[in-house]
Amino acid sequence: PEGGAALGRGFASCGALQRLELKLNNNELGEVGGAALAEGLEQCQKLLALDVGLRQTGIGDETGKALGRAVGACRGLTDLKLGLQSNEIGLWCAAALGRGIASCGAMQQLELGLFENKLGEVGGTALVEGLGQCQQLLALRLDLRWNDIGDDVKVQLHSQLEAMGLKEMHVTLY
């Protein structure tokens, strides 16, 4: 947790940062460290490209909500990659990410790795609604395996993506 807080404080002072790749996969960041890290990222409002890997770090909805706010604060993002696989992320995180993504009107490339979390139907619906607001989106990679989002959400996602006219799409659902 201390490392995440330290990184968050560091990022909070990098307001001019435009591109960031941060891979912290497979560590014990936890909910407190993850939320502190995301709160620091929220201050990097000039980001155009953000690639964050937090796979298997013990994060959950508090970190996810903070990440959603951070993404939403970076309205100029054109390229976003979030690797949040194998955590404890649920519907609140999905809703926050959906709102954050919807705020990024310039988004052209989006990659969301959310497999093996706990989104459920409500979280899946919130995420689909956020994706629907990305009118400039050209390419999408979305992995929602093992989230129990339900058949209705899968149909809703299919309809939404079909209507968006993406040039490149890779979606994995089980």
Go through the range 135-160 residue by residue and tally those that are more than 15 Å from LEU114 (Cβ to Cβ), in contact with a Leu (Cβ under 7 Å, 6 or more places away or on another chain) and modelled with pLDDT of 95 or more.
3
Being touching a Ser or Thr at 6+ places or on another chain (Cβ under 9 Å), farther than 17 Å from GLN56 by Cβ, part of a loop (DSSP other than H, G, I, E, B) and not aliphatic (A, V, I, L, M) is the requirement here; does CYS104 meet it?
yes
Candidates LEU80, LEU97, LEU50, filtered to the one that is within 20 Å of ARG145 (Cα to Cα), modelled with pLDDT of 95 or more and in a strand (DSSP E or B)
LEU80
For the range 159-174, state whether one or more residues are in contact (Cβ under 8 Å) with a residue 24 or more places away in the chain and buried (at least 19 other Cβ atoms within 10 Å of the Cβ).
no
Is there a residue in the range 57-64 that is modelled with pLDDT of 95 or more, in a helix (DSSP H, G or I) and of a type in the set (S, T, N, Q)?
yes
Residue satisfying all of: in the range 96-108; under 15 Å from ALA38 (Cβ atoms) and among the hydrophobic types (A, V, I, L, M, F, W, C); surrounded by the fewest Cβ atoms within 10 Å (Cβ to Cβ) among these:
ILE101
Which condition does GLN85 not pass, out of (1) of a type outside the set (A, V, I, L, M, F, W, C); (2) touching a residue at least 40 places away in the same chain (Cβ under 8 Å); (3) crowded, with 23+ Cβ neighbours inside 10 Å, if it passes all the others?
(3)
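The values are calculated or read from the model by the stated rules, or taken from the named source; none is laboratory data. Owing to the predicted nature of the structure, the values given are computational and were not obtained by experimental measurement. Methodologically, a virtual Cβ is constructed for each residue, glycine included, from the backbone with ideal geometry; neighbour enumeration extends over all protein chains shown.
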